[in-house]
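So the structure is just underneath, and the comments pick up after that.
Here, each number is a calculation from the coordinates, and none is a lab measurement. Predicted model, so just to flag it, every value in this text is computed and none were measured. Don't worry about glycine lacking a Cβ; one is built from the backbone with ideal geometry, like all the others, and counts go over all protein chains shown.
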Amino acid sequence: MAAAGVINVISVVARVLGIVQFGMDNFAPPESVGSTVKIQVGLDFEGGLNNAGGDLPDIRLFNEAGKFLGMAADPGGVGDGATGEVKVDHIGDSGQQAAYALFSANNNAICIASASITWPNGDNYGWVGDWGQACGGSWFYSNVFIKGSGYKPNCLWIDGNGDQPQTGFQVHWPEFVQRSEGQLDQIDVDYYCNSGPPFKMYTDPEPSSITYWVLSNGEKKRDTTTTEGLDGYSPTQSGLHARRQLQRRQAADNSSTSAPFLSLSQRLSDLLVFDDATDHSAIELCASETSLGPDFASTTEELFCRMSDKTLWPFCGSTYVDDCFDVNLQQLVVGGKVTRDRKYTKVMNWGGSGKGASGTK
């Protein structure tokens, strides 16, 4: 059972389920009608299509029966390591429980480390970005702690302009909170990743549908519901118009003498992270087909992962003087020559260890 003042949120590390304790600071106060969602960002990228920080996603809420409750469209921006808070009004001032949430990305990519929701009745639920990596999504380490714990979850990238596959995801909140002892022994990771309703990632533009559970003849089955075509509850017309304008400007820029638009991967290649966390491994990052983020130097492993080609290099020192990463120069040295023709535009030092979730191995 959860200790007083915390919510036990189900996480996953190395395909083993565990628990992350969310302190109450992770949740917004309840509203009499409507729900409030908090989104914690591990990474964003400034200077994207909107020349701003990462865009918070559109949020659609549905009740346990799959009925659409309400939506917050284009809720604004959020920066690295920050938390965005979004109030989602329910249709007809409903106080119903928002069991499902659909997060649909906007233009600038963000990497979501955690999300939480507060229902009108005061119930709280949470989700962590570790599920992105576990279920095959684009992911990176984060440098943000879950309040009330010493845990830094990985984050899941979402983006609406095609820079990487995931354009959104859905969460069935009640399935990510431990309500009784032994629950983790009864469910495996594949259930969460492949069943549909618990957690599902989307790749289609502006996802507006969810998959939800229905009971049929005593059996739990899947069904789908959508908000497409609901009057007043699609993304704002002004927001859609602005996005189309941005797409037209981007196409025009690419065909003119303007600086070409760079993909997320290209822009991330100018960033470097130093990290001493023992559970943030350069080896794991380079070995993952779906990892996406800045170049990464683990000071604990003394290894450097060049993310553009997922190659692993030792730090230069008494053992290695060539074909190695020079920490002082912040350069990969191959054949006696540095491999970058320019310095990193931003170097981030992530100090401090992020301990693994309890219950994991």
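See the values below:
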| read-out | value |
| --- | --- |
| Net +/- balance of residues flanking ASP223 in space, Cβ distance below 14 Å, scoring K and R +1, D and E -1 | +3 |
| Nearest-0.05 FRET efficiency for LYS346 and LYS221, computed from C-beta distance (R0 41 Å) | 0.25 |
| Cut-off under 5 Å, modelled amide H: who pairs with SER11 long-range | GLY18, ILE19, VAL20 |
| Amide proton proximity set for ALA28, modelled H, under 5 Å, gap of 5+ | THR118 |
| Estimated dipole of the range 24-138 in Debye, rounded to 20 [Cβ of Lys and Arg +1, of Asp and Glu -1, Cα centre] | 240 |
| Nearby aspartates and glutamates by direct alpha-carbon distance to LYS337 (threshold 18 angstrom, same-chain neighbours under 8 apart not counted) | ASP322, ASP323, ASP326 |
| Long-range tail of P(r) for the range 6-244 (Cα pairs > 33 Å, %) | 10 |
| Sorted by Cβ neighbour density within 10 Å, fewest at the top, the residues ILE283, ILE210 | ILE283, ILE210 |
| Spatially proximal lysines relative to LYS147 (Cα-Cα < 16 Å; intrachain offsets below 8 disregarded) | LYS38, LYS355 |
| Selected from ILE110, LEU43, ASN8, residue furthest toward positive end of dipole (the range 6-244; charges at beta carbon) | ASN8 |
| Förster radius 30 Å - calculated FRET efficiency between ASN63 and ASP190 (Cβ-Cβ, nearest 0.05) | 0.70 |
| Equivalent ellipsoid semi-axes - Cα gyration tensor, the range 264-350, angstrom | 18, 16, 12 |
| The range 146-211: C-alpha gyration tensor shape, a/c 1.5 cut-off, then a/b vs b/c | oblate |
| Relative contact order (%) - criterion: Cα under 8 Å, at least six apart; region: the range 1-160 | 29 |
| About the Cα centre, charge dipole magnitude for the range 264-350 (Lys/Arg +1, Asp/Glu -1 at Cβ), debye | 460 |
| Estimated FRET transfer efficiency (VAL338, SER308; beta-carbon r; R0 25 Å; 0.05) | 0.95 |
